[in-house]
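Working notes, beginning with the structure itself.
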Amino acid sequence: MGSDMASDTTSPTPSAAPARPARPTGSLSAWEGMARQYDYWLTVLKRTWRGGVVSSFLTPLLYVVAMGVLLGGFIEADPDQLEGATSYLAFVVPGLVASHAMTLAVSESTYPVMGSIKWHKTFFAQLATPLAVRDLVNAYVAFVMFRVASACAVFMLVMAPFGVFATWWGPILAWLSQVLVGFAFTTLVFAYSAWLKSEEGFGLLFRLGVIPLTLFSGAFFPISNLGPVLEWIARLTPLWHGVSLSRMFCVDQIDWALVVLNVVVLVTLTVIGWFLAVRNLDRRLEV
């Protein structure tokens, strides 16, 4: 009987709360997926910014001084032949900054992407969390665009005292067009890098892609000098659209119909590149 009373007076043991199910991978919003990678990319920036100073700021600035100031001093400026620029320096700066945006975007979207997949496998580690492939691409593109935007902004600020800008607002719109160039090349080259199985393909990209685009997209001379056929080929390249936007805004010779065309092309390429980047990276990370 005593044992019965003891059993009756003993309070029942509360049942353990049901375990909360783990959040399935890919359930984060796009913004939350990017925000969760903030600490990682901030650490990357802190560890790499010193090496990027030379490639992002000093080297292109020296190039402008050599090409625009020293060589440009021997060139008689004719606004009719230099797309409205009153000096060769005013002509070359907008194109060179747009070209620099492309070069920096390509550099940050080739070997680093390959390394995150093939060598140190950062993407595999990140994908083991609730992050989705889309989140990896978004955060990576955002990091590269921070590098591109800051480099182009410093470049434009440094060149402002040289009197190469026709208005105060033109360089701001030119900077936005340079950022758009960075977006287009970052997403497209990311997609290419995620598709490659070996880094040997990057040599082909730089030799047959970056170098010809830099030289023949109107950054250093008007594309009308190439002849009718090559001129239209140059107009089909993504960089020419960025150079065109950047120069029109800087020298205040704006054809708004051409502005719309340039923007539509670059935005379209950015969207296509993003979808291809997500698809290719998703296929590469399948285990």
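The values are calculated or read from the model by the stated rules, or taken from the named source; none is laboratory data. Worth saying up front: this structure is predicted, and the values here are computed from it rather than measured. Methodologically, a virtual Cβ is constructed for each residue, glycine included, from the backbone with ideal geometry; neighbour enumeration extends over all protein chains shown. For the accessible areas, the whole protein counts, side chains as well, though only heavy atoms, and no ligand, DNA or RNA atoms are used. Shrake-Rupley method; radii C 1.70, N 1.55, O 1.52, S 1.80 Å.
Things to note:
- The listed residue being outside any loop (DSSP other than H, G, I, E, B), at pLDDT below 90, open to solvent by less than 40 Å² (accessible area, probe 1.4 Å) and not small (Gly, Ala, Ser), out of VAL69, VAL92, VAL65: VAL92
- Scanning the range 217-259 for residues that are outside any helix (DSSP H, G or I), open to solvent by 20 Å² or more (accessible area, probe 1.4 Å) and within 27 Å of ALA153 (Cβ to Cβ) returns PHE220, PHE221, THR237, ASP252, GLN253, ILE254, ASP255.
- For the range 144-174, the set of residues classified as hydroxyl-bearing (Ser, Thr, Tyr), out of contact with any Ser or Thr (no Cβ under 8 Å at 6 or more places or on another chain) and farther than 17 Å from GLU83 by Cβ is empty.
- The residues of the range 115-139 that are small (Gly, Ala, Ser) and under 17 Å from GLU286 (Cβ atoms), listed by number, are SER116, ALA125, ALA128, ALA132.
- Qualifying residue in the range 31-47 (condition: out of contact with any strand residue (DSSP E or B) (no Cβ under 7 Å at 6 or more places or on another chain), open to solvent by less than 70 Å² (accessible area, probe 1.4 Å), acidic (Asp, Glu) and at pLDDT 70 or above): yes
- Pairs where the first residue, in the range 110-135, is touching a residue at least 12 places away in the same chain (Cβ under 8 Å) and surrounded by 15 or more Cβ atoms within 10 Å (Cβ to Cβ) and the second is assigned to a loop (DSSP other than H, G, I, E, B) and polar (S, T, N, Q), C-beta under 8 Å, 6+ apart: GLN126/GLN37; LEU127/THR25; PRO130/THR25; PRO130/SER27; LEU131/THR25; LEU131/GLN37; ALA132/THR25; ASP135/GLN37
- If the condition is being at pLDDT 90 or above and open to solvent by less than 10 Å² (accessible area, probe 1.4 Å), then the range 157-183 contributes GLY170, ALA174, SER177, GLN178, VAL181, GLY182.
- Test: residue in the range 197-206 that is part of a helix (DSSP H, G or I), in contact with an Asp or Glu (Cβ under 8 Å, 6 or more places away or on another chain) and touching a residue at least 60 places away in the same chain (Cβ under 8 Å): no
- All conditions in (1) farther than 24 Å from ASP252 by Cβ; (2) outside any helix (DSSP H, G or I); (3) open to solvent by less than 40 Å² (accessible area, probe 1.4 Å) hold for VAL141, with the sole exception of (2).
- Selection from the range 260-275 of residues that are touching a residue at least 40 places away in the same chain (Cβ under 8 Å) and surrounded by 18 or more Cβ atoms within 10 Å (Cβ to Cβ): ASN262, LEU266, LEU269, THR270, GLY273, TRP274
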